[in-house]
Amino acid sequence: MKKSTKIILSIIGVGVIGAGAYLLIRKFRKPSYVPPTVPTNGTPPNNSSGSRNDAFPLTYGSLGPRVKALQKYMNVPRNQNAKSSQWGFYGCDPVLVVDGDWGPLTQACFKNLRQNYSPEVTESFYNKFIKAYE
């Protein structure tokens, strides 16, 4: 085989190996942070009736100290070692106002918190992750 043919085949082989490595890395890379968005009409999708109290499950429209604890929890910046970073959540941007009212910004940030979106905070999730922020 000629020397020029060997060089061309080597270049093609390196290109194929590089492309394969790129695709594997891309497949297994953690998802990047997606900042929360607020619906343009100012209201979230109607996926629950919303309870205007502090009882479980906490949902859009809930009020009270448990919602304040949730907002504090979501405002804490995360790093790669945090449990929530496994869900692709690294904190809220912009930072939430801790007012105890689960409104559109809290809803948008919560959607980003839960990789497998759940429209509510159950008592077990609250006790495991959020209760310390009361």
- request: Could you please rank Arg114, Arg66, Arg26, placing first whichever residue has the fewest other Cβ atoms within 10 Å of its Cβ?
  value: Arg26, Arg114, Arg66
query: If each residue's Cβ is checked for other Cβ atoms within 10 Å, how do Ile11, Ile130 rank with the fewest at the top?
result: Ile11, Ile130
query: Fewest first, what order do Thr59, Thr5 take by the number of other Cβ atoms within 10 Å?
result: Thr5, Thr59
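Read-outs throughout are calculated quantities, based only on the coordinates presented, and are distinct from any laboratory measurement. Please read all numbers here as calculations on a predicted model, not as lab measurements. When we count neighbours, we look across all protein chains shown, and the Cβ atoms used for this are built from the backbone with ideal geometry, even at glycine.
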